[in-house]
Every structure is written in C-alpha cells, then in structure tokens.
Amino acid sequence: MSIPTPNALGKTTTKKEIVDRIAAEMNQPRAEVKRTIQAFLDEVIEELGRGNRLEFRDFGVFEIRERAARRAQNPKTLEQVEVPARKTVKFKTGRLMKVRVDGVESDED
C-alpha cells in the first residue's frame, strides 16, 4: 500500500489564485482584494500571537497549544537531543468544512 503524496490528494492553490477568483466573482479590483485578504491573514496571525482562540463558525477553530519539552533522537547520528517546549497552532475543522472535504452531505442541516 502506497502513501499518497500531498499532490495526489489535489493540486496546490495559491493565495494569488484565490485573490484572482474572488476579484472576478466580486467584480472588485485585484489589488483591493489582495490587500483585504492580506489584512485578514495578518489579523489571524496577530490574534494567535496574543494567545487568543479564533472561531469561524462552520469553517473551524484555530488555537494555540503548548508542546511539552521532550527528549528525541537524531535519526542520522542516533544521538539523544533535548527538544524545548514550544507553542504550535492547532486547527479543528468546522461542520461545513468537514462536510465539503468529506464530500458527504449530512442530515443535520
């Protein structure tokens, strides 16, 4: 059994492509849409940087999680190394995203 590569699951969509699609759909200048999307992404980063939880109904929730310090092993040298504690971002999908990604409609609507 082979493990699918990220590209086997679907193509990569860039921010530029999303900006172009939204600009066309909304009949707005591309530059304005790009600034709006970048401002949104900057705000998401700022809020997470402050340690805040972000909830977007039906889309999902972003939150900061603490990863404990641990001892790991360098696979090349087999040397034991200490990995310090750090913060990471966890994303939990919302209901609508789950339905769209799975491709299955639910009876809960």
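Structure above, values below:
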quantity: Members of the range 50-95 that are more than 30 Å from F40 (Cα to Cα) and in a strand (DSSP E or B); calculated: R70, R71, A72, Q73, Q80, V81, E82, V83
quantity: Candidate set: the range 96-109, residues that are in a loop (DSSP other than H, G, I, E, B) and surrounded by fewer than 10 Cβ atoms within 10 Å (Cβ to Cβ); chosen: the one modelled with the highest pLDDT; calculated: G103
quantity: Residue, nearest to T93 (Cα to Cα), within the range 46-74, restricted to residues that are among the aliphatic types (A, V, I, L, M) and surrounded by 11 or more Cβ atoms within 10 Å (Cβ to Cβ); calculated: V61
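Yes/no matrix, rows are residues, columns are (1) at pLDDT 95 or above; (2) within 15 Å of the chain's Cα centre (by Cα); (3) of a type in the set (G, A, S):
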site	(1), (2), (3)
I22	yes, no, no
L54	yes, yes, no
L78	no, no, no
P84	yes, no, no
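The values are calculated or read from the model by the stated rules, or taken from the named source; none is laboratory data. Keep in mind that what you see is a predicted model, and the values were worked out from it rather than measured. We place every Cβ from the backbone using ideal geometry, glycine too, and count neighbours over all the protein chains shown.
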